[in-house]
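The values are calculated or read from the model by the stated rules, or taken from the named source; none is laboratory data. All values reported here derive from a predicted model rather than from experimental measurement. Virtual Cβ from ideal backbone geometry, glycine too; neighbours counted across all protein chains shown. To get the accessible areas, we keep the full protein, side chains included, count just its heavy atoms, and leave off ligands, DNA and RNA. Shrake-Rupley method; radii C 1.70, N 1.55, O 1.52, S 1.80 Å.
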Amino acid sequence: MPGDADIEYASPWAGANYAPVSKKGTVEAEYDLNTWPELYRLAKSVPEAGAHFQQNVVYNRDEDAQTATAAWFSDLLSSKPWFADSVPDFRKLKPSELPPGVNGGISYTSVCINTPQYLHYLLGQCLRNGVVVKRAVITHISRAAQFHATSQPADIVVNCTGLGSLVLGGVLDNNLYPARGHVVLVRNETPDRITFVSGTDDGPEETTYIMMRGAGGGTIIGGCYQRGQTDPTPDPAMGRRILQRAARLCPEMVGGKGVEGFDVVRHGVGLRPVRTGGPRLERERVEGVAVVHNYGHGGAGYQCSYGCAQAAVRLVRESLASRVRL
Ligand SMILES: Cc1cc2nc3c(=O)[nH]c(=O)nc-3n(C[C@H](O)[C@H](O)[C@H](O)COP(=O)(O)OP(=O)(O)OC[C@H]3O[C@@H](n4cnc5c(N)ncnc54)[C@H](O)[C@@H]3O)c2cc1C
């Protein structure tokens, strides 16, 4: 639930920003495209949602081409990614704007979401719309139907259990795997921009990103992309490398004092719920219960959220319509 900080719950650990990593022409790109208008609206007109606009600067180093992080970002790193015309202020950076060691870059207006604030905002929207919230661990997806607010079982279960669907009875999706991310939350500010770099000299699983959350949410510094790793404990050596890279990239953040200039709130670890083949938006019957799946959003769960939710709503409607025909 919003307010919890557990390894089973990916959402609080995200930065989170809009930087599509989906491939051109895929359904994932469509989900990302359909999400932007709502994130834009929230940042523009709904201050209590905790999303604000930031210029996103993405740097590409040729030497990172074969790394896990650059493969993950590959479309984002092109000089004209597919979303270039859908976000404001998109432009390719001039060579004179690139820091040493960087071979190319882009810049556009993105949003950064203060995730603790935003998750509480979403919960508030649910409560306002009459949702009854219950806490439970479900061992089989069909059992979820029994948790309806009335004494009757639910007509439809919408499965949004993220990485939990790897071990959830009735789902057991072996296409899911974790991609571990270490983040550091600091009080230092970078009000003017988000910065992303394709990789680092510290190993192929590591990268650098810096994004300041709005509404006093501090600045999130990352990170890494460690496929298959699940250790919930932050590694101090990794944490130090993350801060060292950020201090080099944005010395103005620390007043030129290096790592010692950071005012750290906490280190944290989140597991991106990655799914081979992309997120699962599907409906099926499991032991007689109608289920709509919406999980497996990897490192993109915020930036594809409204697009995926629209697809899930279509599936719920189809499911209800087919039930009526029966
Ligand atoms: C370090 C990091 C940085 C990221 N940065 C970004 C970013 O900048 N932009 C972006 O768009 N995305 C980002 N992401 C990805 C994003 O956070 C995830 O894709 C998204 O939060 C997944 O949301 P979810 O609701 O599907 O999963 P979760 O947030 O994990 O929620 C799943 C919920 O289901 C519950 N659950 C699971 N199994 C059961 C069960 N059997 N019974 C009961 N409950 C169960 C869990 O407890 C949890 O509460 C990042 C992720 C990480 C870790």
Item to check | Net lengthening on full extension, residue 152/residue 263 (0.36 nm per residue, minus Cα-Cα) | outcome: 34.8 nm
Checklist entry - What list of whole percents do you get for P(r) of segment 143-220, with Cα-Cα distances grouped in 10 Å bins up to the one holding the largest distance? => result 14, 25, 23, 23, 14, 2
Item to check | Centroid-to-centroid separation of segment 276-326 and segment 13-64 [C-alpha atoms, Å] | outcome: 22
Next on the checklist: Under 10 Å, Cα contacts only: if you run a Gaussian network model on the chain, which one of 176, 243, 122 comes out with the highest mean-square fluctuation?
Outcome noted: 122
Checklist entry - lysines within cross-link reach of residue 80: Cα-Cα under 24 Å, excluding same-chain residues under 8 positions apart? => result 23, 24, 92, 94
Checklist outcome for this item: For the chain, the longest principal axis of the Cα atoms and the Cα long axis of helix 115-128 enclose an angle in degrees, to the nearest 10, of 30
Next on the checklist: Taking 4 °C and 1.567 mPa s as the conditions, I'd like the Stokes-Einstein D for segment 251-326 in µm²/s, using the Kirkwood hydrodynamic radius from alpha carbon pairs.
Outcome noted: 81
Checklist outcome for this item: Regression test value, accessible area per residue of the chain, probe 1.4 Å, units Å², expected 48
Next on the checklist: With a 10 Å cut-off between alpha carbons and a GNM built on the chain, which of 162, 104, 296 moves the most?
Outcome noted: 104
Item to check | Inter-probe distance in nm under a simple model that places probes 7 Å from Cα toward Cβ, at residue 235 and residue 321 | outcome: 5.0
Next on the checklist: Between 232, 20, 273, where does the largest GNM mean-square fluctuation fall for the chain, given springs only between Cα atoms within less than 10 Å?
Outcome noted: 232
Item to check | Shape metrics for the chain, restricted to C-alpha atoms - Rg then Dmax, Å | outcome: 20.2, 69
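Once the Cβ-Cβ distance between residue 287 and residue 8 is put in as r, and R0 is 41 Å, what FRET efficiency do you end up with, to the nearest 0.05? Walk me through the numbers on the way to the answer.
Values: r = 24 Å, r/R0 = 0.58.
With R0 = 41 Å, the Cβ-Cβ based efficiency is 0.95.
Efficiency by 1/(1 + (r/R0)^6): what FRET value for residue 227 and residue 92, r their Cβ-Cβ distance, R0 = 25 Å, to the nearest 0.05? Don't jump to the answer; show the numbers that get you there.
Numbers: r = 30 Å, r/R0 = 1.21.
For R0 = 25 Å, the calculated efficiency reads 0.25.
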Checklist outcome for this item: Quick tally, 1.4 Å probe accessible area for 4, 173, sorted with the most first, runs 4, 173
Item to check | Value of [θ]222 nm, deg cm²/dmol, for the chain, DSSP H segments ≥ 4, -39500 (n - 2.57) each, nearest 500 | outcome: -7500 deg cm²/dmol
